[in-house]
Amino acid sequence: MQMDKQKLGDIATVEISGVDKKTKDGEQEIRLCNFVDVYYNWAITTAQHDGFMFATARPNEISKFQLKKGQVALTKDSETRDDIGVPTYIADDFDDVILGYHCALITPNKDILDGRYLNALLHTDYAKKYFACNASGSGQRYALSVEALNSFPVPMIPLRNQERIGEIFSALDKKIELNRRINQNLEAMAKQLYDYWFVQFDFPNEEGKPYKSSGGEMVWNEKLKRNMPKEWCAMTIGEVENNIITGKTPSCADEDNFGGDIPFITIDDIRGNLFVFNSQRTLSTKGAESQTKKYLPSGSLSVSCIGTIGVMGFIAKLSQTNQQINSIVFENEHNREFVYFALKLYFENAKAKTGNVFANMSKDEFASIKVVYSPKQILQEFHNKVVAIFDNIKNNIDEINALTKQRDELLPLLMNGQAMVNSDLLACILSYILISVYRNLGIISFAGNLPINTKTTISRL
């Protein structure tokens with residue numbers, strides 16, 4: 001179905017932000033929504049307010065770039081072509097949050113264009129192809145000009161249909177965001193238990209009482225320069241688990257090494273994902289088989305060790321990584337959650353001491369990280385208590401990936417008429433979300449995905 005198109009600049013106002021992260025005398029204190037905030041969020045809500053960094057800005061900058069409900073923010077320039085043109089919807093009004101540099105702020109004409117529809121449209125391959133073809137620069141930095149953004153052709157459908165599409169995608173995004181918050185709470189619960197047992201040393205003693213608080217014997221450990229429970233010791237990560245693999249990139253000169261079904265994981269793929277199912281780049285069987293010793297089985301823990309160190313995630317299926325990542329292939333699964341939290345604590349402490357964790361860490365340096373190590377019985381008990389939590393997190397991430405895929409596939413079908421924009425589809429999605437919430441709360445048992453993965457199914461709704 002052929003649709004009328006209008007240039008974005010004719011139905012919206014596009015402004016390029018130049019507000020930097022600096023704090024300057026004489027300027028007003030504000031919070032800054034930065035490039036990464038735009039890049040990693042489908043929508044910006046007031047729930048994220050306290051996470052925005054402090055900065056300062058001039059009155060005219062505040063007036064122009066203050067975030068308002070209905071707007072769309074977009075990444076305008078970056079080191080890689082794939083990182084530009086990434087949008088997010090501004091779902092709430094903000095009094096003190098403005099958009100930072102390297103981003104564009106789009107204010108739709110509300111009588112013609114719905115912001116949620118525009119945000120969904122800008123997430124599609126249709127928009128990505130346009131931005132890839134119209135970006136300037138090469139090698140070091142890529143950018144979208146105001147002219148390129150204003151010229152973006154927006155397929156126009158009736159405003160009511162835009163709003164309904166916005167409602168559908170808003171519902172899907174709320175479910176995705178709910179899963180993320182649940183996962184944050186679940187990981188916090190597991191970390192609290194780790195801190196209680198392995199930092200405060202109040203693991204259950206033989207009588208089931210907290211060890212240290214009940215007068216358990218503590219001894220000085222010279223390696224770690226601290227007291228720890230009797231029969232505990234200091235060990236390196238390499239001593240706890242000695243199968244550590246540093247990733248490698250197959251020859252880029254041979255294009256046949258890439259584009260297959262084997263995830264090729266980079267730091268960006270891990271960031272924000274406790275379990276890594278997918279990757280931006282993939283390897284072919286030929287590329288992966290050219291470095292067979294670099295295979296990582298499901299359950300391996302990948303840790304960034306070049307650039308920003310300490311970004312961690314568990315491999316969810318057979319994968320390989322690039323050379324910026326060291327991965328632990330566990331021989332003893334009871335060590336898995338303990339090692340994750342021990343490394344997390346190590347990197348947090350390193351950042352607290354230096355102000356950042358930007359450095360390079362060799363495989364030997366990574367393997368030599370010292371941790372407090374308990375008797376195996378305690379490790380097994382800890383594993384038994386938290387493994388279900390980690391499984392729930394993994395399942396929620398898997399669901400997020402499924403919902404994200406379905407979201408990306410749904411918009412083109414809605415726009416070209418293969419799916420009807422009606423209340424039945426929205427009701428179906430909302431019902432699924434409710435069922436999923438109940439499942440997460442343990443009220444009901446439910447398995448399956450939202451039935452919108454085929455054109456046939458959608459057209460029946």
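A few points about this structure:
- Applying a threshold of 8 Å to beta carbon distances and a minimum spacing of six or more residues, or different chains, the list of pairs starting in region 188-209 at a residue that is at positive phi and ending at one that is of a type in the set (A, V, I, L, M, F, W, C) and surrounded by 15 or more Cβ atoms within 10 Å (Cβ to Cβ) reads F201/M218; F201/M228.
- Hey, A73 in contact with a Cys (Cβ under 6 Å, 6 or more places away or on another chain), hydrophobic (A, V, I, L, M, F, W, C) and either surrounded by fewer than 20 Cβ atoms within 10 Å (Cβ to Cβ) or modelled with pLDDT of 95 or more (or both) or not: yes
- Residues in region 112-135 that are farther than 18 Å from K69 by Cβ and either among the acidic types (D, E) or not assigned by TED's automatic domain parsing to the domain that holds K76 (or both): D125 only.
- Within region 91-116, the residues that satisfy the criterion of being part of a strand (DSSP E or B) and closer than 17 Å to Y130 by Cβ are A104, I106.
- Looking only at region 45-90, residues that are under 19 Å from the mean Cα position of the chain (by Cα), among the polar types (S, T, N, Q), under 21 Å from T107 (Cα atoms) and in a loop (DSSP other than H, G, I, E, B) come to 1 in all.
- Within the span defined as region 171-180, one or more residues are in contact with an Asp or Glu (Cβ under 8 Å, 6 or more places away or on another chain), buried (at least 16 other Cβ atoms within 10 Å of the Cβ) and either at pLDDT 90 or above or of a type outside the set (G, A, S) (or both).
The values are calculated or read from the model by the stated rules, or taken from the named source; none is laboratory data. Since we're looking at a predicted model, the values are computed, not measured. Glycine also receives a Cβ, built like all others from the backbone with ideal geometry; neighbour counts cover every protein chain displayed.
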